[in-house]
Amino acid sequence: MHENNQMEKFNTNPLVTQSVTAGTSSLPQQGPAMDCEWGVDYMTFSFSVDESQSSLTSSLWTWEGSGKHRYTDKEYTVYKAKLTLGNAVVQVTYKPEYAKAYVEFNPSRAIKPKSAFLSPPAALKAIVSALLDQIQDALCPAFDVVDAWTGAFTRLEHWDELISIHRLDVARNFFIDDVTTVKAHLMKAQPKYGKTNHVYWDRKGGWTLQNSTKKVGHDRIYDKYAELQGISPDDGIGVKAGTFRFEAQLHKDRLDKFGLKTLNQVTDENVWNALLTRWGACLWAIQVPERGTLLKAVADLPAAKKEGLLGYLYLAAEGQTSSLTKEHVRDRNRLAKSLGLQPGMSLSDLGVPRRQLDLYSGTLIEIDCAQEDVNEAA
């Protein structure tokens, strides 16, 4: 199948359309978010190959290598290819000794050029199928059966169950109108089970906060707008200032945990559950205060505690708490956090919590308004 035909297939195939419709609710929901700003950003998968219907002399192969296994001295051969599907660059590796092929690429680029667009989970089956059609002459999947009389190939009905997923990057876009404050509070958040937070900056203004966990995989939130500066995407795919992205990289343990081991399991519900769980583990649903309301936040404290806490917050902001006892620091931190204040931040960034970074809405939501809506719904 030719590439142009494949792209027409993507544009008309209902699998490419997000399986949920747009909505405006900012309240936490049981199901996936009802917008199109989340999905799959990258994937690696494998499938078994029918060697009798494949060709190692095909022009698809751009590299051939061989070697010996470290412990057995048994020789092996590897074939590699690089091709394009839409705007996606696809890497294919074939290992004849295992009759297995491994593929890695960004499925979002198969539909749109480089932008903030994310491939809907429901689109992956159509995208992968088109890719398999493109490489079939050189690398025929074991689930593509050839008719001995006509030579026509038929793909087994449940072929997607035979595609093994090895890596899946799931992501959600955020639109933030107070970038400076949000960055400051994110950098102070302490993820569950995380070893540490790493912050990366680059000369172009890029910013990434990464959570390295004890389990396999990484989570990160970064400035997508800064990353895409200088790129001129097609009309309608531009990225506005304040666009951030939360991304969870899923490998073996996480894929197993979230039921995403095979292509047929990559559903809206499973992908959203992975996003929701990793977001919760990162504790990045930070609350952002109303500027200039620090005194209002401590207004109900007795005068002595108010003075003591304000003094402690200033010392913490200046990094001057080393002379204090652990017990004193612990007590002050506990009091501060009970009021929604984060020690260590500039006093101008502290105050009465008014908005929260919300995964479902993909933006900052009003905390008070959200609570009122919950009460009304009850």
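LYS114 meets each of the listed conditions (1) modelled with pLDDT of 90 or more; (2) in a loop (DSSP other than H, G, I, E, B); (3) open to solvent by 70 Å² or more (accessible area, probe 1.4 Å) apart from (1). State whether one or more residues within segment 312-324 are open to solvent by less than 80 Å² (accessible area, probe 1.4 Å), among the aromatic types (Phe, Trp, Tyr) and either closer than 19 Å to HIS185 by Cα or more than 15 Å from the chain's Cα centre (by Cα) (or both). Within segment 312-324, one or more residues are open to solvent by less than 80 Å² (accessible area, probe 1.4 Å), among the aromatic types (Phe, Trp, Tyr) and either closer than 19 Å to HIS185 by Cα or more than 15 Å from the chain's Cα centre (by Cα) (or both). For segment 212-232, residues that are outside any loop (DSSP other than H, G, I, E, B) and at pLDDT below 80 total 2. Quickly run through segment 143-196 and pick out the residues that are of a type in the set (Phe, Trp, Tyr) and more than 30 Å from MET345 (Cβ to Cβ). If the condition is that a residue be of a type in the set (Phe, Trp, Tyr) and more than 30 Å from MET345 (Cβ to Cβ), then PHE143, TRP149, PHE153, TRP159 are the ones that fit. For GLU75, state whether it is surrounded by fewer than 18 Cβ atoms within 10 Å (Cβ to Cβ), at pLDDT below 95, more than 30 Å from ASP268 (Cβ to Cβ) and touching a Phe, Trp or Tyr at 6+ places or on another chain (Cβ under 8 Å). No, not satisfied. In the set LEU315, LEU341, LEU310, only one residue is on the phi < 0 side of the Ramachandran plot and either in contact with a Phe, Trp or Tyr (Cβ under 7 Å, 6 or more places away or on another chain) or in a loop (DSSP other than H, G, I, E, B) (or both); that residue is LEU341. Out of GLU327, GLU269, one residue alone is open to solvent by 20 Å² or more (accessible area, probe 1.4 Å) and over 30 Å from LEU124 (Cβ atoms). It is GLU327. Only a single criterion out of (1) in a loop (DSSP other than H, G, I, E, B); (2) touching a residue at least 60 places away in the same chain (Cβ under 8 Å) is not satisfied by TYR98, namely (2). The set of residues in segment 36-73 that are assigned to a loop (DSSP other than H, G, I, E, B), more than 30 Å from ALA122 (Cβ to Cβ) and not hydrophobic (A, V, I, L, M, F, W, C) comprises SER55, THR57, SER58, SER59, THR62, HIS69, ARG70, TYR71, THR72, ASP73. Checked against (1) over 25 Å from LYS80 (Cα atoms); (2) buried (at least 18 other Cβ atoms within 10 Å of the Cβ); (3) touching a Lys or Arg at 6+ places or on another chain (Cβ under 7 Å), ILE165 meets all criteria but (1).
The values are calculated or read from the model by the stated rules, or taken from the named source; none is laboratory data. In this text, all values refer to a predicted model and were calculated from it rather than measured experimentally. Reconstructed Cβ throughout: ideal geometry from the backbone, glycine too, with neighbour counts over all protein chains shown. Remember, those area values only see protein heavy atoms, side chains included, never the ligands or the DNA or RNA. Shrake-Rupley method; radii C 1.70, N 1.55, O 1.52, S 1.80 Å.
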